[in-house]
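Have a look at the structure below, then the notes.
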Amino acid sequence: MIDQRFDPKAHEQRVYQRWEEAGCFRPSMDTSAEPYAIMIPPPNVTGSLHMGHALNNTIQDILCRFERMRGKNVRWQPGMDHAGIATQMVVERQLAASGGNQDRRSMGRDAFVEKVWEWKEQSGGTILNQLKRLGASCDWENTKFTLDDDLNVAVNKVFVDLYNEGLIYRAKRLVNWDPHFQTAISNLEVENKEVDGHMWHFKYPLAGGQTYTYVEKDADGNITLQEERDYISIATTRPETMLGDGAVAVHPSDERYAPIVGKLCEIPVGPKQHRRLIPIITDEYPDPDFGSGAVKITGAHDFNDYQVAKRGNIPMYSLMDEKGFMRADGKTYAEEAEIAQRIAEGKEDFDEAKIAAMNLVPDPYRGLDRFEARKAVIADISAEGNAVMVADPKHQDEETEAPLIPLVENKKIMQPFGDRSGVVIEPMLTDQWFVDAETLAKPAIEAVRSGKTKFVPENWDRTYYNWMENIEPWCISRQLWWGHRIPVWYGPNGEVFCAPTAAEAQALAGDGVRLQQDEDVLDTWFSSGLWPFSTQGWPEETDGLKTFYPGATLVTAFDIIFFWVARMMMLGIKFMDGEVPFKDVYIHAIVRDETGKKMSKAEGNVIDPIDLIDGVGVDTLVAKRTANLRQPEKAPKIEKDVRKRYPKGFDAYGADALRFTLAAMATKGRDINLSVDRIAGYRNFGTKLWNATRFAQMNEAKFGVSVEPQSLDLPVNKWIVGELYKCTAAVSEAIEDYRFNDAASAVYHFTWDVLCDWYLELSKPILNGDDVQAQTETQTVLGWVLEQTFVALHPFMPFITEVLWDQTAKRSDFLMQQTWPGLNASFADELAAEELDWVLKTISQIRSVRSDVNVPAGAKVPVSLVGATEETGRRVAAHRDVIMRMARLEKFDLADAAPAGSVKTVVGEATIVLEIADLIDAGEEIARLDKQLGKLGGEITGLEKRLGNDAFVAKAPAEVVAEQRERLTELKSTEAKLSQARDQLASL
RNA sequence: GGUCGAUUAGCUCAGUGGUAGAGCACUGCAUUGACAUUGCAGGGGUCACUAGUUCGAACCUAGUAUCGACCACCA
């Protein structure tokens with residue numbers, strides 16, 4: 001006999017270990033079996049499990065366990081990602097926190113990287129062990145890490161091949177620069193956020209004191225403003241970049257500035273005697289209707305300006321160093337400005353390198369932080385009187401003329417931040433390595449268009465196309481130390497040798513040539529992009545590669561469609577002969593808290609999956625939630641809320657309950673608002689199954705014996721195997737279609753409502769009766785149906801089902817190795833189904849009436865059936881015992897007529913008569929019947945109206961019409977019987 | 001600005017053309033026999049709004065309102 005209840009803590013880890021030791025997670029490598037592969041989205045090596053991982057891996061595990069049971073050769077490929085920036089950040093923080101003066105630069109590259117490896121060894125397994133707690137059936141013996149030697153070989157080969165094809169190149173480009181990490185990052189790693197900003201308006205005086213007539217017109221061409229100006233008005237949100245301006249641009253159609261196009265104007269900042277003059281040019285980019293219509297062009301510090309500068313061959317002067325400080329290198333400002341002046345006047349040639357070396361930051365600003373420099377520039381320009389002035393709006397209503405103040409608009413501006421560092425990203429002109437993503441994207445787009453890879457839900461393909469069709473060159477070099485070193489070596493004169501190894505590079509260069517390897521490492525996503533084939537041994541032609549590429553389904557959240565899915569598509573197709581890396585991409589929801597807010601430590605609303613599995617006291621819960629708040633002052637409120645919401649913390653719900661909850665909530669295309677109540681509900685569900693099994697054991701159910709539907713005798717047994725068949729078919733279909741919520745609810749409903757609430761109750765009189773044959777059949781069916789339920793539930797609740805399997809019979813193998821129920825339609829006996837439907841309805845109706853008329857729960861009621869057909873009579877005889885037991889009856893017999901004053905209800909053709917006149921009040925009973933008649937009447941009117949509509953009868957499908965006719969007949973018959981009963985009562 | 005999504009019971013959500021559903025919460029009743037982590041019975045919804053298509057609309061179409069996500073962006 002199994003324990004009183006299931007204790008997850010006592011079993012889960014033990015069961016997991018047994019599976020692992022028995023090799024249950026390894027692919028069968030059975031060549032006759034269909035291969036089935038899922039690549040885990042490799043978690044960050046230093047990460048720990050959060051709710052998103054829990055959902056993501058629960059779904060993968062459901063798929064893998066399901067397909068494994070269906071006989072497929074399953075590899076769920078596990079591993080971890082070295083996560084360049086994220087990991088380097090963690091270790092750098094540790095260095096800082098350890099109090100020593102060491103940072104990575106003072107340590108040096110080798111020592112630092114060694115330190116990171118130490119940290120990886122120390123904490124690297126955490127998340128994988130947490131995945132095991134969840135029950136993940138990964139092929140752990142094949143666990144990979146993106147920095148493993150064999151994966152490194154793959155990375156180098158991909159790089160070299162792409163380089164040799166010209167699809168990877170090095171170039172000086174404007175890139176997103178993270179001044180905190182001092183590295184370039186890709187567009188995707190930049191978060192644009194709206195912040196409060198300012199727009200300053202400055203006057204750029206025309207060279208030599210020239211003037212022009214500035215004319216503004218309204219839409220009809222009437223002149224609204226006309227004045228002589230000796231300047232052009234420029235607006236900017238980043239005044240410090242003025243120092244690097246190369247031109248002022250206006251739209252070619254802008255008549256206001258036509259007189260001065262081609263002339264020079266002065267950047268109104270810096271030492272007066274070395275003011276730089278820049279040309280006024282035309283370009284399509286400026287919007288004449290925005291601001292003054294004139295834009296300063298700072299090619300080295302703005303992406304739009306960069307394009308304009310490239311088109312117009314405008315020099316792009318870099319102003320900042322890698323920390324985001326104003327440059328302090330190079331010649332003096334006076335010297336640099338003079339050269340720049342000659343360039344601007346076309347008197348001196350320039351090239352990229354020459355411009356890059358020039359430092360046009362005036363001496364007083366050199367070495368300032370970029371935001372300090374901004375303040376200084378504004379102050380200096382304003383002091384000199386070159387700010388555009390307006391009347392102070394504060395004084396508008398006064399009689400005296402309002403004083404003038406500099407025009408500074410407060411406005412929301414979009415500012416780029418590093419997604420990891422949180423600092424403002426600086427566009428910087430630097431030498432970087434790029435992948436020609438546009439070329440690689442083409443076949444990747446086509447693969448989705450042609451359906452070789454499908455997104456589920458399919459609307460995500462729009463997102464994919466949208467990004468892929470507008471893809472920019474992918475900056476893959478990072479000025480970090482933790483990652484794959486770029487496989488490029490430079491000769492003494494900058495010659496480039498790209499090769500998979502240093503030795504091969506040396507061979508290319510020739511003996512004795514001194515080579516220096518590129519200092520940079522690759523973007524983390526470069527190696528993640530190879531994951532589907534690098535983990536299978538590529539470039540070797542391994543069995544794993546042949547068998548498990550392409551994979552079946554990629555399971556991931558939408559937020560890495562661009563980062564990861566798109567890159568895997570591009571690189572997989574490129575290097576695996578045009579074959580896509582996976583057939584389906586299942587995009588699942590983001591897990592949020594109960595109120596729909598994104599979980600984050602900074603908000604104090606994180607639910608740790610392990611806390612739900614193991615349980616956690618309220619004090620610990622409070623401590624965890626208030627530990628890393630963005631606004632620490634909110635801690636008391638959070639504490640109060642948590643204590644109110646979870647007075648005792650979380651129970652140890654176990655992994656099964658968590659998994660089932662996530663599956664049940666994993667609907668297509670909607671976020672999950674996770675509620676702990678629901679987890680408790682599904683924990684109860686496990687308990688229910690557990691107790692049903694206990695019941696079976698107490699009644700000597702036979703486990704391990706299979707059942708043939710043809711051999712069954714009792715309708716109730718025929719019925720339950722039919723219901724089981726319907727359930728397993730629904731579950732299979734739903735999982736195949738990624739409708740995990742439907743799959744979960746089908747098996748939940750079967751187990752609780754059908755099996756426990758009905759079948760177990762229906763079986764009690766048989767199991768306790770003296771018909772040995774019926775008893776034996778029922779014991780066999782009960783045991784077998786439960787076993788099949790374990791199987792059907794196993795993908796969702798692997799632990800409790802495995803334990804039940806193990807404890808109900810002597811087993812030679814694991815539940816997880818069983819074959820998925822291959823039940824077919826022969827299990828569905830329609831006659832038995834109809835018969836049991838009648839039994840269930842009869843019991844329910846009687847119970848309902850009892851409750852309505854307040855018959856005491858314990859009272860046994862005499863009931864008779866009037867107007868029953870022969871078939872119903874047979875059913876009464878066959879099921880009398882169980883109906884009497886479940887509806888608490890004193891007798892249940894056929895009768896010709898009902899005694900006066902009895903209470904009636906209707907099932908099918910017969911009237912059910914509760915002979916309890918003395919227990920009830922005639923008036924109340926009439927009222928009850930009237931209420932029911934009212935309901936019936938409404939429905940009947942609706943049906944009659946519909947069926948009376950010729951168009952409906954003519955156009956609706958025949959079966960729909962027939963169905964509704966049938967229903968109308970049934971309702972009318974019921975109505976007639978009830979109204980007769982009512983009239984009888986009334987006439988008393 | 002572009003794209004996608006949401007709006008259904010008190011709460012969290014299923015439901016893609018044919019009798020409105022689940023879990024939790026709520027109400028009443030029931031505690032020695034699988035299970036109170038329970039059972040039985042019940043209350044509760046103009047399916048955001050408007051107009052269309054259709055015999056028939058929560059569902060399809062168009063529009064409106066509110067909320068949200070992603071992408072892009074005017075210096």
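Structure values in brief
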| read-out | value |
| --- | --- |
| Kirkwood Rh (inverse of mean 1/r, distinct Cα pairs), chain A, angstrom | 34.8 Å |
| Cβ-based exposure ranking for A:W482, A:W19, A:W433, in which fewest neighbours within 10 Å come first | A:W19, A:W433, A:W482 |
| Greater than 25 Å apart at Cα, pairs in A:K120/A:K668; A:K764/A:K860; A:K310/A:K347; A:K272/A:K347 | A:K120/A:K668 |
| Dipole-positive endmost among A:P268, A:G84, A:I610 within chain A (Cβ charges, Cα centre) | A:I610 |
| Projected label distance in nm at A:A507 and A:K546, using a 7 Å step from Cα toward the beta-carbon | 2.7 nm |
| With eigenvalues of the C-alpha gyration tensor scaled by 5 and rooted, region A:147-224, Å | 51, 19, 16 |
| Loop GluC sites (Glu not before Pro), region A:364-415 (other Cβ atoms within 10 Å of the site Cβ: 14 or fewer; DSSP) | A:E398, A:E399, A:E401 |
| Amide hydrogen neighbours beyond the local backbone of A:D369, cut-off 5 Å, H modeled | A:M326 |
| Hydrodynamic radius by Kirkwood, which averages 1/r over all alpha carbon pairs of region A:829-947, in angstrom | 15.2 Å |
| Counting DSSP beta bridges with both ends in chain A, the antiparallel % (nearest 5) | 70 percent |
| Radius 12 Å from Cβ of A:Y365, net charge of other residues (Lys, Arg +1; Asp, Glu -1) | 0 |
| Highest average packing first - A:831-839, A:714-722, A:484-492, Cβ atoms within 10 Å | A:714-722, A:484-492, A:831-839 |
| For A:V496, distant residues with modelled amide H under 5 Å away | A:G491 |
| Local net charge near A:L621, Cβ-Cβ under 10 Å (Lys/Arg +1, Asp/Glu -1) | +1 |
| Pairs of alpha carbons in region A:1-78 whose separation is greater than 16 Å (percent) | 63 percent |
| Loop trypsin sites (Lys or Arg not before Pro), region A:1-74 (other Cβ atoms within 10 Å of the site Cβ: 10 or fewer; DSSP) | A:R5 |
| Relative contact order %, region A:557-687, counting alpha carbon pairs below 8 Å whose residues are six or more apart | 27 percent |
| Pair A:A680, A:W140: separation of 7 Å Cα→Cβ label points (nm) | 3.3 nm |
| Hits among lysines - C-alpha to C-alpha of A:K411 under 24 Å, sequence gap 8 or more where chains match | A:K193, A:K203, A:K296, A:K375, A:K394 |
| 3J(HN,Hα) from dihedral phi, region A:299-305, Karplus parametrisation 6.51/-1.76/1.60, rounded to Hz, x for glycine, proline | x, 8, 9, 7, 5, 5, 4 |
| Phi-based couplings in Hz for region A:80-92 (Karplus 6.51, -1.76, 1.60; Gly and Pro marked x) | 9, 9, 6, 6, x, 5, 4, 6, 4, 5, 4, 5, 5 |
| Cross-link reach list, lysines versus A:K546, counting only Cα pairs under 30 Å and skipping chain neighbours closer than eight places | A:K72, A:K132, A:K144, A:K157, A:K442, A:K452, A:K454, A:K574, A:K583 |
| Table column - 3J(HN,Hα) (Hz), region A:762-773, Karplus curve with 6.51, -1.76, 1.60, x for Gly and Pro | 5, 7, 4, x, 6, 5, 8, x, 10, 7, 5, 5 |
| Hydrodynamic radius of region A:245-293 per Kirkwood, over alpha carbon pairs, in Å | 11.5 Å |
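No lab work stands behind these numbers, since they all come straight from the coordinates. All of these numbers come straight from a predicted model, not from anything done at the bench. Positions of Cβ are generated from backbone atoms using ideal geometry, with glycine treated the same way; all protein chains shown enter the neighbour counts.
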